Structures are given as C-alpha cells and as structure tokens.
Amino acid sequence: MHLTRPLQISRRGMLKAAGVAAGATALGVTAAPSASAAGYAHPGLLHTRADLDRMAAKVKAGAAPYTAGYARLTANGRSHSTWTPRPQQTVYRGSGSPENYALLYKDLAAAYQNGLRYHVGGDTAHADTAVAILNAWSGTLTSLAGSADRFLAAGLYGYQAANAAELVRDRPDFELERFQKMLRTVFLPLSESFLVQHNGAVLTNYWPNWDLTAMACVLATGIFCDDGAKVEQAVEYFKHGAGLGSVKNAIPVVREDGLAEWLEAGRDQGHSLLGVGLMGTVCEMAWNQGIDLYGYDDSRFLKGAQYVAKWCLGGTVDYTANTRRKGAVNGWSGSETASAAAGVDPAMTRPVWAMIANHYTKRRGLSAPYLTQIAAKAAPEGGGGDYGDASGGYDQLGFGTLAFTRERASSTSGGLGGGASSSPSPSASPSDSPSASASGGKSAQGKSDDLAATGSGDVVGWTAATGLTALAGGLLLLRRRNRGGTGS
C-alpha cells in the first residue's frame with residue numbers, strides 16, 4: 001500500500017522556521033459591509049455576523065439542536081451577568097511560581113459566554129458583563145510569567161481573549177484600543193517568540209499543541225488588530241512551519257484509507273483532543289476571513305481529524321513509529337520514540353467536534369462518518385466549566401452545537417471525486433464561503449484546485465446519521481438511524 005512517506009522527525013531540527021518575515025503582507029479577504037479599513041470582517045474570528053444571527057434566529061424559533069446548545073450555555077455559571085472579574089497585573093503559569101492563571105481563564109470563559117448570550121438572547125446585561133470583564137483585564141494585566149507553560153498561557157488565553165472581545169468590540173463602553181494594546185504587548189510577543197525560538201529547545205522538543213496555541217494567538221491577534229503581517233505569519237506557519245504544529249508535521253502520514261495519522265496520538269488522548277480543537281480553531285478563524293486552511297493540502301486536516309475521531313470512538317488506527325529529538329539547542333539532548341497510538345477512554349470528550357464536522361459535512365458536503373458520529377455523541381457541547389475545573393476543561397471556548405450547527409450549503413455537490421471540490425456560491429456569506437484561498441488556488445468565482453477534496457463519493461448527511469431532539473433542561477435524545485454510510 002502506498003503511503004505518504006513519514007517525515008523524519010529526528011532530523012527536523014535542520015529545517016528553517018517559516019512564516020515570520022517582517023515584511024509579510026495581508027492576504028486578500030472578503031470585503032463585507034462590516035469589514036474594517038484593513039479589509040478584515042468584524043465580527044470575524046470564530047463567529048461572523050451571519051453566524052450570530054443564525055444562532056439567535058434558530059433559538060428564537062425553538063429549533064433543535066440549537067435550543068439544547070443554548071440551554072447548555074445558560075446553565076453554565078460563567079454565563080451569568082452577575083460574574084465579577086478578578087484581574088491581575090501578572091499572570092503566572094507553571095512550576096516555580098505562585099500560579100494564578102485560573103483567574104484569567106475563568107474570566108475569559110465568562111466574558112465569552114456572556115458575549116454569546118448577549119448576541120443570542122439579546123439581554124444587554126450580558127454585554128455589560130462581558131465588557132466589564134475585558135476592560136478590567138486590559139486595564140490591569142501587564143505580563144505573563146512562569147515556566148515554559150507561560151507560552152501555553154499566552155497562546156491559549158490570547159486567542160480566547162481576542163474571541164471574547166470580538167463579540168463586544170463595537171460596544172461604545174469597550175476599550176478597544178487598550179485591549180488591542182494588551183494583545184500586542186502581553187500575549188503576542190510570547191507566541192511569536194515560541195514559533196521562532198521554541199523556548200531555546202530543538203524544534204521537536206515540544207509536541208504539536210504548543211505550536212498550535214501560538215498560531216491561534218498570532219492569527220486571532222492579527223485579525224482583531226487588523227494586522228495583515230500577523231495573519232500572514234500564522235497562515236504561513238500553518239502550512240510550512242518547522243515545528244511540530246504545522247499541518248504536515250502534526251499529521252505526518254496520509255494513508256490510502258482516507259485517514260491521516262495524528263502525531264500526538266502516540267502521546268495521549270487528551271493532548272490529541274486539544275490539538276485537533278486548536279487546529280480547527282485556526283482553520284475556522286482563517287475561513288471567516290476568506291482563507292481556506294481547512295482544505296489545504298487536499299484537506300489534510302479532515303483526514304487527521306477523522307483519524308482522531310475514529311480512535312476516540314474506540315476504533316483501531318495505524319500509527320507509524322517515529323523518534324523525535326528532545327532537549328535544548330547546544331545543551332542537553334535526548335530522544336523519545338512513539339511506536340503506537342495510545343489507549344483511549346471512549347468517555348473522554350471535549351467541545352471540539354461540532355465546528356469541524358459541520359464545516360466538512362455541511363459547508364463542503366463531504367463524507368466524514370467518524371466526525372459525524374463523534375460530534376453527535378458529544379452534543380450538546382458545553383464550554384469552560386462543563387468539563388472539569390482544571391485548565392484543560394477551559395482550553396476550548398466550546399458551545400459548538402449552538403454556534404456551528406448549520407444547514408447543508410445548497411451549492412455543495414454530493415459526489416466529490418479525487419481532486420474535485422464543491423464551488424461555494426459567490427453570493428454566500430463570509431461565514432459560508434471564503435472569497436480567496438491562502439494557497440492562491442481559488443478564484444473569486446469559487447473555482448479551485450486546492451479546496452476540500454477527499455476522493456470519496458459517499459456524502460453522509462447528519463440527519464441520516466443521528467436524530468437530534470431537544471428535551472427540557474437542554475438534554476438531547478440521540479437516536480441512531482441505521483442508514484448507509486454511517487460506518488467506517
């Protein structure tokens with residue numbers, strides 16, 4: 001069987017870092033009525049105006065599964081308008097320091113959840129609370145400190161802060177310029193430094209999720225601050241970066257069965273879920289600005305996400321053994337070999353699946369049976385505070401059942417052969433169709449040689465895979481319907 005040749009991970013230290021040129025320029029993006037002077041659409045990170053309007057309309061109409069997703073949001077204690085922020089001047093994460101980073105990630109979850117409730121439910125008290133939280137932090141926070149984990153804090157909480165703020169950026173009481181300054185001076189420098197220097201370590205010392213947190217922060221900051229050079233930096237690193245988080249390093253082996261091996265599956269399930277969620281976050285934010293990373297390299301991310309979904313559902317997956325170098329540049333060194341996918345707990349879940357599954361099966365009309373199954377199993381997705389009180393339960397903003405459930409795009413075709421892709425309608429909203437591909441392969445008329453293509457003609461409709469009915473209290477009844485195409 002022919003496979004894409006796995007990368008020689010132990011030799012990646014010889015690769016040059018890519019995507020950090022100071023003179024990088026902005027990519028072409030959709031010019032929407034809400035676009036900024038720099039051409040970026042706002043709101044336009046994880047949610048566009050069309051997305052927010054869809055959520056509000058569906059909930060008002062009592063449509064499932066949106067109502068169950070919204071019930072999950074309103075039941076979360078962080079979404080209440082009575083939340084009081086606890087801003088700090090310095091946030092510490094990591095050993096050897098008085099850790100207080102939980103205050104930041106819980107406040108950011110509260111800001112995001114209140115912002116989302118404002119847009120969906122219309123109660124301005126939630127907007128007031130979101131603004132108060134974000135203004136408090138931008139008026140107080142000056143630094144992130146701690147061990148190497150400070151880079152994780154910068155990446156994770158940088159992209160989350162930008163997304164929370166994007167929901168209220170047009171409110172007159174929101175301190176926009178001050179918040180932009182905080183992103184640029186507190187979060188962004190650490191994330192940029194990590195992508196270039198990797199904390200002084202060899203390139204393969206850190207698993208993919210470290211790079212992915214940094215990419216998410218750089219991209220979100222670039223969009224939020226209308227900085228095209230930062231957007232380009234993140235996009236180029238996603239494609240060609242030397243570290244393990246770039247797409248071809250995080251997903252090094254593509255197999256003939258349509259799955260692609262997720263490197264971090266050789267580590268553990270939890271970090272693999274984190275990585276998939278972060279890569280999806282990067283792809284979604286880019287898509288909403290007209291940049292298609294979801295479809296890059298023949299939809300490599302789809303194949304990797306399908307692999308992780310099958311594995312987390314308890315399926316057997318192949319894993320090509322690899323050895324990665326560890327240690328500091330010109331310092332201590334060693335190596336570590338992963339020879340098989342780690343064991344999984346089928347009950348473990350994170351709110352990462354609805355966004356990815358809806359993109360590929362609804363926007364693109366592609367077959368993704370494992371994503372369809374695992375998204376249904378995880379529904380209705382919650383957010384920070386619904387998956388334990390430790391930091392891992394807050395790594396994704398969540399609420400994907402509410403935010404990312406969408407109708408199948410009318411312009412998608414049901415049978416996509418190898419190399420073919422559906423052509424989005426030129427009149428589609430920015431949330432449904434990018435107007436330009438970062439790869440340069442897509443024209444304004446929607447023609448492309450680089451958009452989502454899997455070689456599969458078997459398109460699985462979500463309604464053919466599961467029935468989703470909202471119950472009182474926001475629970476879902478999941479009824480399996482044995483229709484063709486829902487297996488492996």
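For the stretch 149-268, the Cα gyration tensor yields ellipsoid semi-axes of 29, 15, 12 Å (square root of five times each eigenvalue, largest first, whole Å). Distance from the Cα centroid of the stretch 344-411 to that of the stretch 227-247 is 24 Å (rounded to whole angstrom). In the structure shown, the pairs Lys181/Lys239; Lys58/Lys106; Lys303/Lys377; Lys58/Lys310 are assessed against 25 Å; a Cα-Cα span above that value is assigned to Lys181/Lys239; Lys58/Lys106; Lys58/Lys310. Find the percent of Cα-Cα distances in the stretch 128-206 that exceed 19 Å, and round it to a whole number. Roughly 39 percent, rounded to a whole number. Residues in the stretch 97-228 average 27 Å² of solvent-accessible surface per residue, probe 1.4 Å, ligands and nucleic acids excluded. Here each label is just a point 7 Å from Cα along the line to Cβ, and for Ala328 and Asp170 those points are 5.0 nm apart.
Using alpha carbons only, the radius of gyration of the stretch 279-330 set against its Kirkwood radius gives Rg/Rh = 1.13. Take each peptide in 288-294, 180-186, 314-320, 239-245, count the other Cβ atoms within 10 Å of every residue, and average; sorted highest first, the result is 288-294, 239-245, 180-186, 314-320. The stretch 271-373 gives an Rg/Rh value of 1.04, both radii derived from C-alpha positions and Rh following Kirkwood.
The values are calculated or read from the model by the stated rules, or taken from the named source; none is laboratory data. Everything numeric in this text was worked out from a predicted model, so none of it was measured. Glycine gets a Cβ as well: all are built from the backbone with ideal geometry, and neighbour counts include every protein chain shown. Surface areas here come from the heavy atoms of the whole protein model, side chains and all, with no ligands, DNA or RNA. Shrake-Rupley method; radii C 1.70, N 1.55, O 1.52, S 1.80 Å.
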